[in-house]
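Read the structure below first, then the notes.
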Amino acid sequence: MVLAFQRGDEEEQAFWRRTMETPEAQREGDLDHALALMKRHGTLEATIDRARGYGRKALAALAPFPECPEKRALIDIIDFVNDRDH
């Protein structure tokens, strides 16, 4: 949502302000509109790419450590997060 807000025009930013700052002002159809805005601005893909970048950095940070169950568990968590698409 942050990326969609940043990438949006004035009208779209007003939508985000209304829905996030005043939950009681939410209307039917707002969720669909929010998803459409995120899709329009490519924010879902950008967020997934950013998360995968952090995963690569985390794997690199773990590389110097010797193999052990704890390291394997951390790698498995990183792999899980990087492999999901939501």
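When the accessible area of the chain is split by element with a 1.4 Å probe, what percent falls to carbon and sulfur?
Solvent-exposed carbon and sulfur of the chain make up 58 percent of the total.
Charges at C-beta only: +1 for Lys and Arg, -1 for Asp and Glu. How large is the resulting dipole of the chain about its Cα centre, in Debye rounded to 20? Intermediate values should be presented prior to the final figure.
Details: 13 positive and 17 negative charges, 79 e Å.
Charge dipole of the chain: 380 debye, to the nearest 20.
What ³J(HN,Hα) values, in whole Hz, does the Karplus curve 6.51 cos²θ - 1.76 cosθ + 1.60 give for segment 52-57 when θ = phi - 60°, with x put for Gly and Pro?
Running phi through 6.51 cos²θ - 1.76 cosθ + 1.60 with θ = phi - 60° gives 5, x, 5, x, 4, 5 Hz.
Find how much the distance from Val81 to His33 grows on full extension, using 0.36 nm per residue of separation minus their present alpha carbon separation; answer in nm with one decimal.
14.6 nm
Expressed in nm², what is the orientationally averaged projection area of the convex hull enclosing the Cα positions of segment 1-80? Before the final figure, lay out each step's value.
On the way: hull surface 28.2 nm².
Mean projected area of the Cα convex hull: 7.1 nm².
At 1.4 Å probe radius, can you tell me the per residue accessible area of the chain in Å²?
With the other protein chains kept in place, the chain gives 77 Å² per residue.
Toward the positive end of the charge dipole of the chain, about the Cα centre and with charges on Cβ (Lys, Arg +1; Asp, Glu -1), which of Pro69, Ala46, Gln13 goes farthest?
Result: Pro69.
Sum -39500 (n - 2.57) across every DSSP H segment of at least 4 residues in the chain, then divide by the residue count to get the 222 nm mean residue ellipticity, nearest 500.
It lands at -23500 deg cm²/dmol.
With the cut-off at 1.5 for a/c, could you classify segment 44-86 from its C-alpha gyration tensor as rounded, prolate or oblate?
In terms of gyration-tensor shape, oblate.
The values are calculated or read from the model by the stated rules, or taken from the named source; none is laboratory data. Bear in mind that the values here come from a model prediction, so they are computed numbers and not experimental data. Cβ: placed from backbone, ideal geometry, glycine included. Neighbour counts: every protein chain shown. Just so you know, the surface numbers come from the protein's heavy atoms only, side chains and all, with ligands and any DNA or RNA stripped out. Shrake-Rupley method; radii C 1.70, N 1.55, O 1.52, S 1.80 Å.
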